[in-house]
Amino acid sequence: MENPWWHRAVVYQIYPRSFADANGDGMGDLRGIIQRLDHIAGLGVDVLWLSPICRSPQDDNGYDISDYQDIDPAFGTLADFDELLAGVHERGMRLIMDLVVNHSSDEHAWFTESRKSRDNPKRDWYWWRPARPGMEPGTPGAEPNNWGSVFGGSAWEYDPATGEYYLHVFSRKQPDLNWENPQVREAVYAMMNWWLDRGVDGFRMDVIDHISKDTSLPDGVVRPGSRYGDGGPHYMNGPRNHEFLHEMHERVFAGRDTLLTVAEMPSVTIEEAARYTDPARREVDMVFGFEHVWVDRGPDPWALYPLQLTKLKGILGRWQAGLAEVGWNSLYWNNHDQPRVVSRYGDDSPEFRVRSAKMLGAVLHLHRGTPYIYQGEELGMTNAPFASIADFRDIEALGQYAQAVEHEGHSGEDVLTVLRARGRDNARTPMQWDDSAQAGFTTGTPWLAVNPNYKEINAAAAVADPDSVYHFYRRLIALRHDDPVVVYGDFTMLLPDDERLYAFTRRHGDAELLCIGNFSGERVRAEIPDAEAWSSAELLLTNVPAPTGLELQPWQVVVYKRPA
Ligand code: GLC
């Protein structure tokens, strides 16, 4: 079989709410994206992924959809969408949509029907359950099981109209769809085909490892200090997940061979990822695993754990090896749910922000897989200075804060410290276009405050400066397009026990690449095998003005190439 086009592709994610606001209401919109398409095309990326733009009460910023076949009026109209899609295609790029079908909004017509009566034809489209036997419905502890919601509180909402509860793994406005019901699946496939017929090029599938659940819905383990049980093992990567995705493939993707599908799967292991992405099984092209962005988590959810580079390398190295023969990796540091990587794994001080952002970009993009860039990453945008919980807008931050502080006895300061470092709003501050008011994002009042560092960090300045993170990313993308060793070279991790250097080689045919990134603020000599020969190889890329061979300067990256 011929290699698929997306092996060579780079994807750029847009979070429409925070990208560009054309109508001045403080929230980004489709016309804003249309006006900025040349910025994205200028980077050289191949695909745009749009976070959700469908009609939604915006409880979770669009990840709660009330009409899958219309655009939210805050973002624009279907006509705007068609114009955007045409603009993307004219520039030789493709566009993929966010598919949010583990749950709908509680304002979706399917759910408003479902909640009407116990015998409504749509009742079984969601997970309705009675109170625990012997308990009075709607009283504390009477929920059908002990699962907590990801956003705080119980995963069950009592609905007095029919005296039963519905399941919501996320907010109470995001009821989980019941994929056991074939009518639900058919409705989803029909909707997906409708978008593809309209011209979209694929989907990023939201928490798609949650669609098959253990139908007995058993209680989860309650961790010390936690009020609820962990339902995760019972609602992630369930018994029918592969079956459902294969069915989706047959009903939607088969016969449309230029698509790209990528499945968000917080629970996925390497072994499972190899199955999901094995082309012979016809499920999905790639998955987003979470291990490498959870590397700095620890037993206490409200403590900060510093990055251990050896752990990160262990994880990414295992994913490289695990998908080397079968399947394909996605590569990402950032998205709308993760803090900014330069603040998290790099150094966002004025001295090293640009340098460490470039180093992180190079290390990621030179792995084998398809890289994903999140808006602003190409500018080296940083985490935001949130002063208090009142500065956050994210339902996750607000919900978790309330649960931890009000019900679980954690100190507000501890929780804030973690949210400042890890909270999702760090990624969601408005895109910084220029140094004018509100960073050129809006003429109105932005829905979330602009990061005050926009005077220095913005797209206009980055495009004008040949040494910017932006132009470095452009070179990384061009390198992938031009050099098969970046796309197909096999991957060998070097120095696995080194806490400061991230080093690896890639080899393909008669060429070999060496990439070494210094994850520290110190000078470090790279004691790699064959150092002598490498130091006289061609230096393709670095991020310092005066390179010092294999003695790496703080946050430096080097990429060498030689005949194999
Ligand atoms: C995914 C999304 C996240 C959302 C959640 C529920 O993890 O990326 O933003 O809150 O699913 O839809």
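The values are calculated or read from the model by the stated rules, or taken from the named source; none is laboratory data. As the structure is a prediction and not an experimental result, all values here were calculated from the model. Counting neighbours? That spans all protein chains shown, and the Cβs are built from the backbone with ideal geometry, glycine included. Just so you know, the surface numbers come from the protein's heavy atoms only, side chains and all, with ligands and any DNA or RNA stripped out. Shrake-Rupley method; radii C 1.70, N 1.55, O 1.52, S 1.80 Å.
Criterion first (assigned to a helix (DSSP H, G or I) and among the acidic types (Asp, Glu)) does residue 532 satisfy it? So residue 532 passes the test. Can you pull out the residues in the range 94-114 that are more than 22 Å from residue 235 (Cα to Cα), open to solvent by 20 Å² or more (accessible area, probe 1.4 Å) and more than 16 Å from the ligand (Cβ to nearest atom)? Those that are more than 22 Å from residue 235 (Cα to Cα), open to solvent by 20 Å² or more (accessible area, probe 1.4 Å) and more than 16 Å from the ligand (Cβ to nearest atom): 94, 109, 112, 113. Summed over the range 500-523, the residues that are open to solvent by 50 Å² or more (accessible area, probe 1.4 Å) and either under 29 Å from the mean Cα position of the chain (by Cα) or closer than 12 Å to residue 556 by Cβ (or both) give a count of 4.
Checked across the range 313-325, the condition of being β-branched (Val, Ile, Thr), within 16 Å of the ligand (Cβ to nearest atom) and under 19 Å from the mean Cα position of the chain (by Cα) holds for no residue. Residue 43 passes every criterion in (1) open to solvent by less than 10 Å² (accessible area, probe 1.4 Å); (2) within 15 Å of the ligand (Cβ to nearest atom); (3) of a type outside the set (Asp, Glu) apart from (2).
Sort through 356, 343, 349, 330 and tell me the only one that's under 28 Å from residue 394 (Cβ atoms), small (Gly, Ala, Ser) and within 16 Å of the ligand (Cβ to nearest atom). Give the steps one after another, and end with the answer.
Working: 356 fails: within 16 Å of the ligand (Cβ to nearest atom); 343 fails: within 16 Å of the ligand (Cβ to nearest atom); 349 fails: within 16 Å of the ligand (Cβ to nearest atom).
One residue alone meets the criteria, 330.
For the range 470-492, the condition holds for at least one residue, the condition being that it is charged (D, E, K, R) and open to solvent by less than 10 Å² (accessible area, probe 1.4 Å). Could you tell me whether the range 15-27 includes any residue that is open to solvent by less than 10 Å² (accessible area, probe 1.4 Å) and more than 23 Å from residue 333 (Cβ to Cβ)? Yes, the conditions are met somewhere in the range 15-27. Candidates are the residues of the range 251-264 that are at pLDDT 95 or above, in contact with a helix residue (DSSP H, G or I) (Cβ under 8 Å, 6 or more places away or on another chain) and closer than 20 Å to residue 6 by Cα; the one that is surrounded by the most Cβ atoms within 10 Å (Cβ to Cβ) is 263. For the range 524-543, filtering for residues that are buried (at least 17 other Cβ atoms within 10 Å of the Cβ) and under 34 Å from the mean Cα position of the chain (by Cα) leaves 7.
For the range 247-300, the set of residues classified as within 22 Å of residue 341 (Cβ to Cβ) and of a type in the set (Lys, Arg) consists of 297 only.
Within the range 160-189, track down each residue that is assigned to a loop (DSSP other than H, G, I, E, B) and within 16 Å of the ligand (Cβ to nearest atom). Break it down into steps so the answer makes sense when it comes.
Within the range 160-189, the subset assigned to a loop (DSSP other than H, G, I, E, B) is 160-163, 168-175, 178-181.
Answer for the range 160-189, where residues must be assigned to a loop (DSSP other than H, G, I, E, B) and within 16 Å of the ligand (Cβ to nearest atom): 168, 169, 170, 171, 172, 173, 174, 175, 179.
Looking at 286, 248, which one is in contact with a helix residue (DSSP H, G or I) (Cβ under 9 Å, 6 or more places away or on another chain) and within 16 Å of the ligand (Cβ to nearest atom)? Walk me through it before giving the result.
Values: 248 fails: within 16 Å of the ligand (Cβ to nearest atom).
Being in contact with a helix residue (DSSP H, G or I) (Cβ under 9 Å, 6 or more places away or on another chain) and within 16 Å of the ligand (Cβ to nearest atom) holds for just one of 286, 248, which is 286.
Tell me which helices (runs of 4 or more DSSP H) are completely within the range 368-462 and hold 3 or more residues being within 16 Å of the ligand (Cβ to nearest atom) and open to solvent by less than 10 Å² (accessible area, probe 1.4 Å), or say none if there are none.
Values: elements: 395-402, 412-422, 425-428.
Passing ranges, in order: 425-428.
Of all residues in the range 516-560, those satisfying the criterion of being within 23 Å of residue 489 (Cα to Cα) and either among the β-branched types (Val, Ile, Thr) or in contact with a His (Cβ under 9 Å, 6 or more places away or on another chain) (or both) are 516, 528, 542, 557, 558, 559. Within this structure, residue 203 passes the test of being part of a strand (DSSP E or B), within 16 Å of the ligand (Cβ to nearest atom) and either of a type outside the set (D, E, K, R) or open to solvent by 10 Å² or more (accessible area, probe 1.4 Å) (or both).
Set side by side, the residues 72, 106 differ, and just one is of a type outside the set (Gly, Ala, Ser) and within 26 Å of residue 431 (Cβ to Cβ), which is 72. In summary, residue 254 fulfils each of the numbered conditions (1) out of contact with any Pro (no Cβ under 9 Å at 6 or more places or on another chain); (2) within 16 Å of the ligand (Cβ to nearest atom) with the single exception of condition (2).
Within the range 55-69, is even one residue among the aliphatic types (A, V, I, L, M) and more than 16 Å from the ligand (Cβ to nearest atom)?
no
Here is a yes/no grid of residues against (1) at pLDDT below 95; (2) buried (at least 19 other Cβ atoms within 10 Å of the Cβ):
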position: 152; (1), (2): yes, yes
position: 182; (1), (2): no, no
position: 188; (1), (2): no, yes
position: 224; (1), (2): yes, no
position: 240; (1), (2): no, no
position: 249; (1), (2): no, no
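Any residue in the range 331-349 that's without any contact (Cβ under 8 Å) to a residue 60 or more places away in the chain: show its pairings with residues that are within 16 Å of the ligand (Cβ to nearest atom) at Cβ separation under 6 Å, as long as the two are six or more apart or on different chains. Cβ pairs passing all conditions: 332/372; 341/333; 341/334.
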